[in-house]
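Read through the structure below, which is laid out as structure tokens, and then see the notes.
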Amino acid sequence: MTVIDKINEINDIIKGIFEFTQSNDKIKSDFDEYLATMGAKNIPLNHIEKVFLPYIFERNIDGKSILEMFKEQKGSNEEILDSFIKSISSVFEIKRILKNGFELYNMVNEKTYTVLSLTKMSNFRGVYAGQFIVARIFEFRGDFYVIEISNVLSHSQKTDAMRFAVMKLIQNPRLLYWENPEKEKEIQSTVSEMYDKFIKAFGKNTILTTNKHADEIIGAFNDGEEIDLTGKESNLTNPKFYHIKELDNNYNNFLENSLGGFSSHYETYDVGVIFDKETGLYAVPFYETFTRIFEDAESVENAKECIEYFLTNDSVPKNILDQVHSKYDNFMEVINKFLETNYSYDELLKKYKSDYLNNKIYSSATVLYCSEAFSDVFDVISAPKEEQKPAIKQKVGRNEPCPCGSGKKYKNCCMRTEE
């Protein structure tokens, strides 16, 4: 099969998926709602692809993606659909513009890809080498294709591109080692080395502390300094779960929040500093509060909300639930009572932590530690700002040439605007 044949086959599938979204009543209703939310309810048909592609890759209905629903109902071209499902959205630096595609450096997983375009290259006028793009790529039968470009940044916006890259890693740590086994080996080695170091420093894999001390403990551990935990471990007397606004990270504040750390938060709350032998270091807000629910649920204020937070928050991995589940025999009994369900532990994980069942996901802290993009952007953000030196006004005689370079005398040029 030639490249042209493969591109035609891929485009036919995309067309079929669009027709499916319009013919399936449940998806059509959801898509219309999505368009309204995006402010694109009356978008012209020839522009709908810009909204349609993000929709099919990112939207879920009843726990299933649009692509999975299409695959189940149509049952054809599964190879292409599986390639779509495994696609990744990342931040790339354009190294070269090719006749039928691009050479792209993935700023997230630190690899370079030659990708083919599914449309004519003339559609990318104004896109040049040295710029940065937020794009989705996938692999099909040995070739990589770019299926969507959602944003283009100029070469002068490298810091913004790095921030995008780090945000991608925060949202999906797997992207660092996607298609990059060498990077995964580096992460595995880092986890193994740091785990031994953690156990040697503390004699255990879990420290119960507060947000006021968590940064100090983690920082000293990273720097290899001796750590005295006296007075730094938590003394939780009134366990309570509540919303912490500083934990609501977004693109604009997540690096600044990282620099400020837990200790900069206004409220005081418990934090579990936990090192998992397989996946790395975690700092889990309200970890001790969560465990107290299985000791004395009535003593924990907002216990149900705390359980829901641990189940639905993507930053709380399966490994943390495993640790608590193995410690408390009544784990599922308490969970089911609050949720009014009858799940087994496996069913609970399939519903709330399915991503962790299907993939090896290392902790965000460990992944960022191994990321060049995070290291670079952290250096930029944390570097001391240079003081602005006051401008020194040049003294110019009335009849001397004007310093603006106009060729006129100063009195007949800029001096007039200053008077």
Exercise. Where Rh is the Kirkwood radius over the Cα pairs of region 3-83, the temperature 25 °C and the viscosity 0.890 mPa s, what D in µm²/s does Stokes-Einstein return?
Worked result: 185 µm²/s
Problem set entry | J(HN,Hα) series, region 128-135, from Karplus relation 6.51 cos²θ - 1.76 cosθ + 1.60, nearest Hz, glycine and proline x | 10, 4, x, 7, 10, 10, 9, 9
Problem set entry | For region 220-232, Karplus couplings with θ = phi - 60° (6.51, -1.76, 1.60), whole Hz, Gly/Pro x | 5, 4, 4, 8, x, 8, 5, 10, 9, 7, 4, x, 9
For this session: With springs connecting C-alpha atoms under 10 Å apart, model the chain as a Gaussian network and identify which of HIS213, HIS155, HIS243 has the largest mean-square fluctuation.
Result: HIS243
For this session: Treat every Asp and Glu Cβ in region 89-176 as -1 and every Lys and Arg Cβ as +1, leave all other atoms uncharged, and give the resulting dipole magnitude about the Cα centre to the nearest 20 debye.
Result: 100 debye
For this session: For GLU226 paired with ASP25, estimate the spin-label separation in nm (one decimal), with each label point 7 Å from Cα along the Cα-to-Cβ line.
Result: 7.3 nm
Problem set entry | Charge dipole (the chain, unit charges on Cβ, about Cα centre) - positive-most of GLN323, LEU175, THR289 | LEU175
For this session: State to the nearest 20 debye the size of the charge dipole of the chain about its Cα centre, where the only charges are +1 on K and R beta carbons and -1 on D and E beta carbons.
Result: 2340 debye
Exercise. Listing LYS74, LYS41 from the residue with the fewest other Cβ atoms within 10 Å to the one with the most, what is the order?
Worked result: LYS41, LYS74
Exercise. What is the order of LEU357, LEU104, fewest Cβ neighbours within 10 Å to most?
Worked result: LEU357, LEU104
For this session: Please find, in a Gaussian network model of the chain (springs between Cα atoms separated by less than 10 Å), the residue of LYS95, LYS212, LYS28 whose mean-square fluctuation is greatest.
Result: LYS28
Problem set entry | Inverse mean reciprocal Cα-Cα distance (Kirkwood Rh) of region 181-361, Å | 17.5 Å
For this session: Quick one: work out the % antiparallel among DSSP beta bridges in the chain, nearest 5.
Result: 90 percent
Exercise. What Kirkwood radius, in Å to one decimal, follows from the Cα pairs of region 54-211?
Worked result: 18.0 Å
Exercise. Over 29 Å between Cα atoms, which of LYS15/LYS86; LYS111/LYS204; LYS50/LYS158; LYS197/LYS327; LYS304/LYS350 qualify?
Worked result: LYS111/LYS204
Exercise. Given charges of +1 on the Cβ of Lys and Arg and -1 on the Cβ of Asp and Glu, with all other atoms neutral, how large is the dipole of region 181-361 about its Cα centre, in debye to the nearest 20?
Worked result: 280 debye
For this session: Taking mean projected area of the Cα convex hull in nm² as the quantity of interest, determine which of (i) 23.4; (ii) 19.6; (iii) 30.2 was computed from the displayed structure.
Result: (iii)
Exercise. Pick from LYS26, LYS351, LYS240: which is most flexible by mean-square fluctuation in a GNM of the chain where alpha carbon atoms under 10 Å apart are linked?
Worked result: LYS26
Exercise. Given the Cα-Cα distance of LYS111 and ASP379 and 0.36 nm per residue of separation, how much length would full extension add, in nm?
Worked result: 94.3 nm
Seminar exercise, completed: Interchain or sequence-distant (5+) residues whose placed amide H lies within less than 5 Å of the amide H of GLU148 are ARG136
For this session: Summarise the long-distance tail of P(r) for region 89-176 by giving the % of C-alpha pairs beyond 20 Å.
Result: 27 percent
Problem set entry | Helix-derived mean residue ellipticity, 222 nm - over the chain, DSSP H n ≥ 4, -39500 (n - 2.57), to 500 | -13500 deg cm²/dmol
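Computed from the coordinates by the stated procedures, all read-outs in this text should not be read as laboratory data. Quick caveat: nothing in here was measured; it's all calculated off a predicted structure. No Cβ is skipped: glycine too gets one built from the backbone with ideal geometry, and neighbour counts run over all protein chains shown.
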